[in-house]
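The values are calculated or read from the model by the stated rules, or taken from the named source; none is laboratory data. The structure presented is a predicted model; accordingly, all values stated were derived computationally and were not measured. Using ideal geometry, Cβ is built from the backbone for each residue, glycine included, and neighbour counts are taken over all protein chains shown. When the accessible area is computed, the model is the full protein with side chains, heavy atoms only, and any ligands, DNA or RNA have been set aside. Shrake-Rupley method; radii C 1.70, N 1.55, O 1.52, S 1.80 Å.
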Amino acid sequence: MRQVREVLRRKHACGESERQIAAAIGISRYTVAEYLRRAAVIGITWPVPAGLDDAALEAQLFSPPFTPREALRPQPDWPRIHAELRRPGVTLMLLWQEYRAGQSEGYGYSRFCDLYAEWRGSVSVTMRQAHVAGDKLFVDFAGQTLAVVDPATGQVRPAQVFVAVLGASSLTYAEVRWSQGLADWVGCHVNAFAFFGGAARQLVCDNLKAGVTAACRYEPGINRTYQEMAAHYGTAVMPTRVRKPRDKAKVEVGVQVVERWILARLRNRRLFGLEEANGAVRELLEALNTRPMRRLGTSRRVLFESLERAALLQLPPEPYAYADWRRCRVGLDYHVEVLGHWYSVPHRLARAVVEARITERTVELFHNGSRVAAHLRSPLRHRHTTIPDHMPSAHRRHAEWTPARLRREAAAIGPAAAGMVEAVLRAKPHPVSVAVESSPDVGRETSPLRCVTGTCRG
């Protein structure tokens, strides 16, 4: 507009020709002629009216004299198209074909794509990424904590808040735990899958120590228990790159929403125990998921029911039972210490390194990927659980000579022999191994008086 004003001034105030104006301003003579022609059509000379600023002058000089045909064309339903793109296999080409099937005067494919890109740029950041339904579940712990009264001590403790967000529908799950340890991390995943009614095909997590043992862009190390849990549900763990929060922007925004819509509302409430805290979180979480989202005009729950529920993987018949893994070395007595209790393995594995899988009820021992022993977990410390089949034949034969068998054999010989054996047994107690287990798979506890080398006398 500065050049237009200068053209009008030189023409009407100075009387210069079009060639002279073009040479002075540094533009084409045909451009000068076009400026003067447009100004003559709307009746503007020099000086330009005082109330006519650059925007108004441009609107009068260069506005089209007719209504553009584009404004008369039927406009696509961009929120519906944006939601449909999250369905597996749906593309812009397919949606454009459906649009043109109902609107023969609609946009061409290239213009359709440009308009969708322009509309998508105006949507809030939480919905800019296009996620396929049932593909990804983003998980993380919130930076803020929730003050909860510990029922055991009566003290106020900061509780951790776990957040999980589905990629396509943004349906959000939140849970309160005392720590960010492996047991709480895995337990939150199990509860999240139950809340969604299915599992996503990928778990996108941060490089939390409970889940990722070695952060690497190409070959990250996944915790054994976390990997086992993912395999149980048929999903895969995909850690993000180090210091790349945009890799999990969905859960980053989900954490922010949970902090603003849930934790901020609970800041003045006195919550006793995790059960009460999770009850309060669930109430606000339901309100969050049913609240319509800005721009899309629908709620997370509605999007989940229409787009993502059917695309999730089915849950297994039984939920994952938490199991801890430990590396142990077998002793010379072919027993392994696990949490203060000793469990037997086949005697050929003496001095070998085995892996122990510890659940709430069982202890399983693996060597080179194969299970070599399984025991019921015992809460007694400094005791031994031995399976007879794990013992060498000499040890097994020696262990069979228990006091009860000695009395039985002596009684079969005669009263004198029985009296002698009874006198010997009463005179001095002898450490004798008592291995009472008929199953080769699960062992039971033995007496604390044991013999594992076969050197006991009597």
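Numbers at a glance
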| item | result |
| --- | --- |
| Burial order of peptide ranges 37-44, 143-150 (average beta-carbon count within 10 Å, highest first) | 143-150, 37-44 |
| Inter-centroid distance (Cα atoms) of the stretch 268-334 relative to the stretch 362-416, Å | 44 |
| By accessible area with a 1.4 Å probe, ligands and nucleic acids excluded, highest first: order of Met1, Met293, Met93 | Met93, Met1, Met293 |
| Paramagnetic label zone (point 7 Å from Cα along Cα-to-C-beta, Trp178; backbone N under 16 Å) in the stretch 265-298 | 272-278 |
| The stretch 1-123 - Rg (one decimal) and Dmax (whole number), Cα, Å | 22.7, 69 |
| ³J(HN,Hα) computed for each position of the stretch 211-219 - Karplus, 6.51 cos²θ - 1.76 cosθ + 1.60, integer Hz, glycine/proline x | x, 10, 7, 9, 6, 8, 5, 9, 10 |
| In sequence order, calculated HN-Hα J values of the stretch 32-39 (Karplus, 6.51, -1.76, 1.60; Hz; x Gly/Pro) | 4, 5, 5, 4, 5, 5, 5, 5 |
| Using a Förster distance of 41 Å, the FRET efficiency for Arg19-Asp114 (Cβ separation, nearest 0.05) | 0.50 |
| For Ser179, distant residues with modelled amide H under 5 Å away | Gln160 |
| Magnitude of the charge dipole, the chain, Cβ model with Lys/Arg +1 and Asp/Glu -1, debye to 20 | 740 |
| Column: log10 I(q)/I(0), Debye, Cα scatterers of the stretch 349-419, q = 0.26, 0.27 Å⁻¹ | -1.20, -1.22 |
| Candidate lysines - alpha carbon under 19 Å from Lys136, same-chain residues fewer than 8 apart omitted | Lys244, Lys248, Lys250 |
| Fraction of antiparallel bridges per DSSP, the chain only, in percent to nearest 5 | 75 |
| Stretchable slack from Ser370 to Arg291, in nm (0.36 nm times residue separation minus alpha-carbon distance) | 23.4 nm |
| Cut-off of 10 Å, at most 12 other beta carbons, DSSP loop: longest stretch of the chain lacking such GluC sites (Glu not before Pro) | 106-359 |
| Accessible-area value, Arg177, 1.4 Å probe, nucleic acids and ligands omitted, Å² | 50 |
| 222 nm mean residue ellipticity, helices alone, for the chain (DSSP H n ≥ 4; -39,500 (n - 2.57); rounded to 500) | -10500 deg cm²/dmol |
| Hull volume in cubic angstrom per residue (convex hull over the Cα atoms of the stretch 103-239) | 167 |
| Sequence ranges 211-219, 131-139, 47-55, ranked by mean other-Cβ count within 10 angstrom, highest first | 131-139, 211-219, 47-55 |
